[in-house]
1. Return the pair list, or none, for Cβ contacts closer than 7 Å from residues in segment 59-74 that are among the acidic types (Asp, Glu) to residues that are open to solvent by 60 Å² or more (accessible area, probe 1.4 Å), at least 6 apart or on different chains.
2. Which of the residues that make up segment 106-127 are open to solvent by 40 Å² or more (accessible area, probe 1.4 Å), more than 21 Å from Leu44 (Cα to Cα) and in contact (Cβ under 8 Å) with a residue 24 or more places away in the chain?
3. Kindly evaluate Phe103 against the criterion of being among the aromatic types (Phe, Trp, Tyr), over 23 Å from Tyr39 (Cα atoms) and either modelled with pLDDT under 90 or open to solvent by 40 Å² or more (accessible area, probe 1.4 Å) (or both).
4. If I filter segment 55-78 down to residues being aliphatic (A, V, I, L, M) and open to solvent by 70 Å² or more (accessible area, probe 1.4 Å), which single residue comes out as modelled with the lowest pLDDT?
5. In segment 145-169, what count of residues is obtained for those that are surrounded by fewer than 10 Cβ atoms within 10 Å (Cβ to Cβ), part of a helix (DSSP H, G or I) and among the aromatic types (Phe, Trp, Tyr)?
Amino acid sequence: MQTNNNNKNLLHKYSSLLRLNSNGVPLGSILGLLLFLIYINGFLHHFLGINFFLYADNTNILFLDKEEMKLQQKITLVMKQLESWFSINDLTINIDKICATSFHPYQKYQPIKPLITLKNNIIVYKTELKFLGLNITETLTWQAQIHSLSTSLCKSYYLIKSLKYINEY
């Protein structure tokens, strides 16, 4: 989207410098998310047979196959199609925010981890990731979620306990 207009951010009595915005929607604009969703509305129709999970501006892809070679072929094909679709639609991908996880049973010591590249960058595999507020591990156990939740609850408990001793004035 070409805008070619000047933008300034205002907060109470403070304002930013005037800047030329030649592409996109100004940061913090209420229209940003809505326009993005309208923009990618046809996204899923270009990738039939692939399991996409879209939530706001996050996209997750689930690849399944019993054979490693077929899995690698699927991943390579879809990643090339994604590169092409994003390029045609003038969208950029933040490579630093992309990761992969290979889900497998707890007992399996050597999970299958096909090579995943996007724009000549190798996508790193993580053993744990956060998805819609849940900490998910590659073995699909609850340990990471329980640890995260217990840490958060301990901090909250300490804060509430500390407030108990504050006298009202």
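1. Asp65/Lys74
2. Passing the criteria: Tyr106, Ile112, Leu115, Asn121, Val124, Tyr125, Lys126, Thr127.
3. Against the criterion (among the aromatic types (Phe, Trp, Tyr), over 23 Å from Tyr39 (Cα atoms) and either modelled with pLDDT under 90 or open to solvent by 40 Å² or more (accessible area, probe 1.4 Å) (or both)), Phe103 qualifies.
4. Leu64
5. So the count comes out to 0.
The values are calculated or read from the model by the stated rules, or taken from the named source; none is laboratory data. Keep in mind that what you see is a predicted model, and the values were worked out from it rather than measured. In this analysis, Cβ positions are derived from the backbone assuming ideal geometry, glycine residues included, and neighbour counts consider all displayed protein chains. Note: accessible area is taken over every heavy atom of the protein model, side chains too, but ligands, DNA and RNA are not part of it. Shrake-Rupley method; radii C 1.70, N 1.55, O 1.52, S 1.80 Å.
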